[in-house]
Amino acid sequence: MNETPNVRLHVVDALRGFAIVSIMLLHNLEHFDFYFFPQNLPVWMKALDKNIWDTMFFLFSGKSYAIFALLFGLTFFIQSDN
């Protein structure tokens, strides 16, 4: 019998971990209703909050789901190939 050793792809595991953590953090923002802003905030702070909020969702939201889906497909291919 000629068996190949099981080799783990650590980069894939690290990317999958990053994707799962960022999806979880974004889900927590949405689930725990952090959309509420206090009434008495200055205008500059409201603008800063909106910019940070939009930047976080732009940088992490779509990319995390795409990375996770891509790695799911890769993992499925590796499992079915073995």
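The values are calculated or read from the model by the stated rules, or taken from the named source; none is laboratory data. Please read these numbers as outputs of a predicted model, since none were measured by experiment. Quick reminder, even Gly has a Cβ in these numbers, built from the backbone with ideal geometry, and neighbours come from all protein chains shown. Surface areas here come from the heavy atoms of the whole protein model, side chains and all, with no ligands, DNA or RNA. Shrake-Rupley method; radii C 1.70, N 1.55, O 1.52, S 1.80 Å.
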In the set 23, 52, the lone residue that is of a type in the set (Val, Ile, Thr) and surrounded by 14 or more Cβ atoms within 10 Å (Cβ to Cβ) is 23
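Okay, residues lined up against (1) more than 24 Å from the chain's Cα centre (by Cα); (2) farther than 16 Å from residue 65 by Cα:
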site	(1), (2)
6	yes, yes
17	no, no
25	no, no
28	no, no
31	no, yes
39	yes, yes
From the option list 59, 29, 70, 41, single residue qualifying as of a type outside the set (S, T, N, Q), under 23 Å from residue 17 (Cα atoms) and open to solvent by less than 50 Å² (accessible area, probe 1.4 Å) is 29
For the range 37-49 the number of residues that are at pLDDT below 85 and part of a helix (DSSP H, G or I) is 1
